[in-house]
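Only one structure is covered here, and it is reproduced in the block below.
The values are calculated or read from the model by the stated rules, or taken from the named source; none is laboratory data. This structure is a prediction, so every number in the text was calculated from the model and none was measured. Cβ: placed from backbone, ideal geometry, glycine included. Neighbour counts: every protein chain shown. For the accessible areas, the whole protein counts, side chains as well, though only heavy atoms, and no ligand, DNA or RNA atoms are used. Shrake-Rupley method; radii C 1.70, N 1.55, O 1.52, S 1.80 Å.
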Amino acid sequence: MTDISQWFQSLPIFTRYWFALSVFCPLVGRFKLIDSYYFLLLLEPFVYGFQFWRPITAVFYYPINPYTGFRYLANLYFLYNYSLRLEKGIFDGRPADYGFLLLFTWACSVILGILIEMPLLMDPMVMCVIYIWCQVNKDTVVTFWFGTQFKAMYLPWVITGFEFVLSGSFLPHLIGIFVGHLYFFFKFKYPVDFGGPALLETPQFLYKYFPNQRQFGGFGQAPTQLRRNVDQPAQQDARGHNWGRGQTLGN
């Protein structure tokens, strides 16, 4: 238990609690400690029943049964790996900026989830962080099932195709790609490549609760221009199947 506790405490704050709640909520629903109905994002009880927790629990809950168990474990794997890579990569030492990324993508996912009646938000939220990491590290080669290798920029689409084969559904993953692209475009692409204003700035109140800790660094950093852009707020003050395991080109 000591080793597990040390590992858990070593995780950066947002990945730590996102992962923990994504284990806790599905198990609560699986063992019927709380009716899983109350975890879902449903418009009528959310608006008219004043059940304002639903947009939050819909991110962490996923039904566990013989038909969905494998996809749930895949989500946990991707969540852990790619949220960790982002939070310890280009957002290292800047939890407020990573928190704003999650807040923005969550808000967009909730709005789209209500519009298209999508009761579960784990799939699109996990796909958001995968997509953003893959865009920042688009030329990194990743290894997927059966040893297949390709550049990271294709990984979200491969996962979406894989999900379609497994379940016949791909819309939640497409929503995640769309929302992740919104964040990447307005945060990095538009200011750098198009010379536009920075449209996504971390609110100052987040720095109050999650102050910058140190100079960031580590793997998975953005290209030079993007790193210069993402630095601005700071200046202002399983082996298993080896899904998506990255390695630099030429290695």
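Structure notes:
- Pairs where the first residue, in region 37-58, is more than 14 Å from S109 (Cβ to Cβ) and the second is among the acidic types (D, E) and open to solvent by 40 Å² or more (accessible area, probe 1.4 Å), C-beta under 6 Å, 6+ apart: none
- Filtered residues of region 21-49 (kept if within 20 Å of the chain's Cα centre (by Cα) and open to solvent by 30 Å² or more (accessible area, probe 1.4 Å)): L21, V23, F24, L40
- Pair list, Cβ < 8 Å and 6+ apart or interchain, from region 1-26 residues that are over 15 Å from V126 (Cα atoms) to residues that are open to solvent by 80 Å² or more (accessible area, probe 1.4 Å): P12/K88
- From the list F150, F184, the one residue that fits, being in a helix (DSSP H, G or I), at negative phi, out of contact with any His (no Cβ under 9 Å at 6 or more places or on another chain) and open to solvent by less than 50 Å² (accessible area, probe 1.4 Å), is F184.
- Annotation note: of E163, E117, the sole residue that is of a type in the set (D, E), part of a helix (DSSP H, G or I) and closer than 24 Å to C25 by Cβ is E163.
- Apart from one condition, T15 fits all of (1) surrounded by 18 or more Cβ atoms within 10 Å (Cβ to Cβ); (2) over 30 Å from P203 (Cα atoms); the exception is (2).
- Among the residues examined, P119 does not qualify as touching a helix residue (DSSP H, G or I) at 6+ places or on another chain (Cβ under 7 Å), open to solvent by less than 20 Å² (accessible area, probe 1.4 Å) and not charged (D, E, K, R).
- Residues (of a type outside the set (A, V, I, L, M, F, W, C), in a helix (DSSP H, G or I), at pLDDT 95 or above and closer than 28 Å to M153 by Cα) located in region 49-76: Y72, N75
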